[in-house]
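In what follows, a single structure is set out as structure tokens and then discussed.
Every number here is computed from the coordinates shown, using simple stated rules; none is lab data. Note that the coordinates shown come from a computational prediction; the quantities given were computed from them, not determined experimentally. Note that we place each Cβ from the backbone using ideal geometry, even for glycine, and neighbour counts take in every protein chain shown.
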Amino acid sequence: MIFTQRTSPHISASTDVSHIMRQVLYALLPGTVLLVWYFGWGMLSNLLLAVLFAEGFEWGMLKLRNRPIRPFLSDYSAVVTAWLLAVALPAFAPWWLIAVAMLFAIVIAKHLYGGLGYNPFNPAMVGYAAVLVSYPVQMTGWPAPQDFSFSHIGLMQAVQQVFLGGTTGWDALTGATVLDTVKVNLHLHKALADIYPTKPFGLLGGKAWEWVNVAWLVGGLWLFYQRVIAWQLPVAFLGSLALMATVFWVIDSAHYASALFHLFSGAAMLGAFFIVTDPVTASTTPRGKLIYAAFIGVLVYVIRTWGSYPDAVAFSVIIMNMVVPLVDYYTQPRVYGT
Amino acid sequence: MITSLLKRWLNPGGLHLDYHKEESTQQPVRNLPLPAELVIPLQQHMGQKASLCVRVGDYVHKGQALTKPDGQMQVPVHASTSGTVTAIEEHPVAHPSGLNDLCIILTPDGKDDWGDARMTPYLDPAQEKPETLRQRISTAGIVGLGGAVFPAAIKLAAHTPITTLIINGAECEPYITCDDMLMREKPDEIIAGIQIMLHMLAPQQCLVGIEDNKPQALAAMQTAAEKAGDRRIQIVSVPTLYPTGSEKQLIKILTGKEVPSGGRPADIGMVCHNAATARAIYRAVVLGEPLLERYVTVTGEGVAHPCNLNVPLGTSVEYLLNQAGGCTPTADHLLMGGPMMGITLQSGQVPVVKATNCILVKTAPEQQQPVMPCIRCGRCAESCPANLLPQQLYWHARAREFDKTEHYHLFDCIECGCCAYVCPSHIPLVDYYRFAKAEIRTQRATHAQAEHARNRHEFRLQRLERAKQEKAEKLAKHREQAAKTGADDAKKAAIQAALARAKAKKAQAAAATTTGEPTE
């Protein structure tokens, strides 16, 4: 009898890339459900269009690069990228905005650098940053969150807004987000106590938004429980962001928002558990992860507080992506016997 | 009482695996009936082959040495039973390369006759000099039976003081149970072997590390240790975690100390031997038996009746499989060793050697997973017991940046396979490390060779230069000499001339006298 030849090890754990990506998608569900509750058709259309464009671009690039289509299209990595972008873009985003974002994410940030595993920059964040810089008006037009939004903005109105744009009276529905409001008014030297009453603020951050952030946190904790993400990344990111916020809040609580506000506003939780934790572009050593994520936290605070953008996860992540090889090189763990 | 670890020295990484150990431990170990032919490879240990000392057609007794060592890293192989040497030829052996090696083919006569081949028993080893015992262990062909097959006698020659003797009974690889069964069935022999080693090395203590998934082995060893009444021997239950049975990891778990990178346990005052080696030492010293047989686990989903067998060395794997009820129709690959570090065998023609602890027949995996790119998820680094960064090693090995792989401590990789096991992208990581190690070794050898050639060339140039110089010096000296000789000639000529003049004067005077004028 002739037996097959292999090299050791001869057994392997029953997991694969697509399984990990699917777990990330499951963890995104609670936050996504809340977003759909608050933004209705606007969030559904974002998700649908983003996934369609992402898989379309992915297929096209795989074809152009002569890569096997099936294993890569079914690894769900493009879906994760699309999903992250879809929940970060304003609800009811016009189709072309989503297309441009996905083009930058999938084609430029991912495949031009060599595809899955080879991209130095987080694809979703490159896509987000590209449209944020190019189309600031569309990117800040978040409609106000409403309970069961489906009953407020109908399907037809949504389709019209997404595909044709310029729906009459649309501007009345949209407005600056809480993070934006706080920032603009602080620049006008108003005290926080005067700003909060102007907007629907909740217990932790902006109303509705705080619950979305809690939902991301819940999903993130589940990911940690499933051992998909390392604890160092979210802990260091949220820790350094909270530390920065607390230091300035203690110095001048009238003009600097508290740590709670920073942690539960904007993309803090989404960033902490789903963006900073992207394994391909994050640091890979235990100490490196701490350094990498802590600096993102600092950068997010700096840009939020003194920069010209209300939120800063995308820029901070991209900046720190550049430093990853250096961080990895100098943070090797101590090897046995050395 | 079995000592649990008072302080748990945690190793980084490691894996909890499906152990599949129960399948092969249901029945006691069976003695294998003699096969019709034994194939005994000359090389069954780490080191060089010893030279042959039998010829085709010779009749050999059981236990008779078939090779004669003439170096330190050589140990002999012996006839596992009495019979006739029918051939000495190249035969398939268990080696990752799949190449053949020189083997002695022995046809047993069925008498199992020791003749006078049995060595003198040392009934009280404590009365013997350590050097005598070392000689005996070497002559008996004993090597590390855990799989490394390093000559045991060398590790028992303590050049540095040894404080701790470690006995490895961890047996951390899934499926393998031969050491488990040995500890259950022959604990007294193991303890007696340990006592011989304690006598030779004189350490302060001996720690016997056994994973806690072997309660019966732990209990049996504890009873035997108590019976021996040796307070130096401690039976320690260690947590079940692959690869605890790796020498470096076991030392860390038991003592908290680490073997220095590139060093040996002796550097930190420790020596590690396998439980089966201890038993072989006992048999060699007290009974005078060379290493002729060993326990082998025959198991796996592809085997009808998994079991443990006491196998004469040289028996073919095929014969073992038949004794275990044969292969099932779904059998796909045949392994020697465990599923994490074992090597595949092409056929059952391969003989059981000193290193063979397990014959494992696996069925084909349900679906061959495609290899995907590395997504740097870091699961490999989490599972690495040496605390390496497998993802970085892979990256650089793939790019052939071998200097960088060394920066990431490639040579501290023990090839345990944890990283490849957990990899969600199904990258054969260990293959990349083996490749990089081999490339670096080749490069080093080439470099050393080039260095040697360059040195020789430079030496030659120097020699030629020196010869030239010496020649020139000689010539110059010669010339000088010649010049000196030339000056002497002139002097001589002057003297000659002066003499001639004087003669002439004399002659003139003589002539004057003859003409009549008296001069005196």
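Take B:429-440, A:266-277, B:38-49, A:58-69 and order them by the average number of nearby Cβ atoms within 10 Å per residue, most first; the result is A:266-277, B:38-49, B:429-440, A:58-69.
Panel note: the C-alpha atoms of chain B, placed on their principal axes, show extents of 149, 64, 48 Å (largest first).
Let me check I've understood the local charge: for residue B:485, count other residues with C-beta under 15 angstrom from its C-beta, Lys and Arg +1, Asp and Glu -1. What total comes out? Local net charge: +2. For region B:36-294, the calculated P(r) over all alpha carbon pairs, in 5 Å bins from 0 to the bin holding the longest distance, is 1, 6, 13, 16, 18, 16, 13, 9, 5, 2, 0 percent.
Amide H contacts under 5 Å for residue B:67: B:53, B:77, restricted to partners 5 or more places along the chain or on a different chain, H placed in the peptide plane at 1.01 Å from N. If you sort the three axes of the alpha carbon gyration tensor as a ≥ b ≥ c, you get a/c of 1.5 or more for region B:251-358 and a/b no higher than b/c, which makes it oblate. Partner shielding of A:225-231 amounts to 2, given as the average count of beta-carbon atoms from other chains within 10 Å of each residue beta-carbon. With the helix formula -39500 (n - 2.57) applied to DSSP H stretches of n ≥ 4, chain A reaches a computed 222 nm mean residue ellipticity of -18000 deg cm²/dmol.
In order along region A:208-214, phi translates into HN-Hα couplings of 6, 4, 5, 6, 4, 5, 4 Hz, rounded to whole numbers, per the Karplus curve 6.51 cos²θ - 1.76 cosθ + 1.60 with θ = phi - 60° and x for Gly and Pro. Each Lys or Arg adds one and each Asp or Glu subtracts one; over the other residues with Cβ under 10 Å from the Cβ of residue A:11, this totals 0. At 20 °C and 1.002 mPa s, what whole-number value in µm²/s does Stokes-Einstein give for the translational diffusion of chain A, with Rh from the Kirkwood sum over Cα pairs? Once the numbers are plugged in, D ends up at 102 µm²/s. Computed on chain B, with alpha-carbon pairs under 8 angstrom and 6+ residues apart, the relative contact order is 16 percent. Using every pair of separate Cα atoms, the Kirkwood estimate puts the hydrodynamic radius of region A:1-132 at 15.8 angstrom. Counting Cβ atoms of other protein chains within 10 Å of each Cβ in B:424-437 and taking the mean gives 3. The charge dipole of chain A, taken about its Cα centre with unit charges on the Cβ atoms of Lys, Arg (+1), Asp and Glu (-1) only, comes to about 740 debye. Qualifying trypsin sites (Lys or Arg not before Pro) in region B:364-432, where qualification requires a DSSP coil assignment and no more than 14 other C-beta atoms within 10 Å, comprise B:400.
Taking amide hydrogens as placed 1.01 Å from N in the peptide plane, the amide H of residue B:177 sits under 5 Å from those of B:297, each at least 5 positions away in sequence or on another chain. Helix B:429-514 and the longest principal axis of the C-alpha atoms of chain B enclose an angle of approximately 10°. Residues A:216, B:9 in ascending order of nearby Cβ atoms (within 10 Å, fewest first): B:9, A:216.
Each Lys or Arg adds one and each Asp or Glu takes one away; over the other residues whose Cβ falls under 14 Å from the Cβ of residue B:64, this sums to -1. Rounded to the nearest Å, what's the spacing between the alpha carbon centres of region B:153-179 and region B:331-402? Just the number, please. Using only Cα atoms to place each centre, the spacing works out to 24 Å. Taking a threshold of 29 Å on the Cα-Cα distance, which of the pairs B:484/B:506; B:186/B:354; B:62/B:362; B:471/B:492; B:62/B:248; B:214/B:252 fall above it? Beyond 29 Å between Cα atoms: B:484/B:506; B:62/B:362; B:471/B:492; B:62/B:248. For the protein assembly as shown, the Kirkwood hydrodynamic radius comes to 32.9 Å, computed from all pairs of different C-alpha atoms. Separation of the alpha carbons by more than 24 angstrom is noted, of A:207/A:289; B:68/B:155; B:49/B:155; A:110/A:289; B:129/B:155; B:155/B:257, for A:207/A:289. Per-residue 3J(HN,Hα) values for region B:116-131, derived from phi via the Karplus relation 6.51 cos²θ - 1.76 cosθ + 1.60 with θ = phi - 60°, read 10, 7, 5, 7, 4, x, 9, 5, 10, x, 5, 8, 8, 6, x, 5 Hz in sequence order (x marks Gly and Pro).
A simple charge model with +1 on the Cβ of Lys and Arg, -1 on the Cβ of Asp and Glu and nothing else charged puts the dipole of region A:176-330 at about 100 debye relative to its Cα centre. The charge dipole of the protein assembly as shown, taken about its Cα centre with unit charges on the Cβ of Lys, Arg, Asp and Glu (plus for the first two, minus for the last two), comes to roughly 3160 debye. Estimated purely from DSSP H runs of n ≥ 4, each contributing -39500 (n - 2.57), the mean residue ellipticity at 222 nm for chain B is -12000 deg cm²/dmol once divided by its residues.
Here region B:369-503 was treated as a single set of alpha-carbon atoms; its pair distances binned every 10 Å from 0 give 11, 23, 13, 9, 8, 8, 7, 6, 6, 5, 3, 1, 0 percent. Computed from backbone phi, the HN-Hα couplings of region B:94-110 come to 7, 8, x, 6, x, 7, 7, 9, 5, 9, 9, 9, 10, 9, x, 9, x Hz, rounded to whole numbers (Karplus: 6.51 cos²θ - 1.76 cosθ + 1.60, θ = phi - 60°; Gly and Pro given as x). Database remark: amide H of residue B:384 closer than 5 angstrom to the amide H of B:14 (H placed geometrically; neighbours at sequence offset of 5 or more, or on other chains; Pro and chain starts carry no H).
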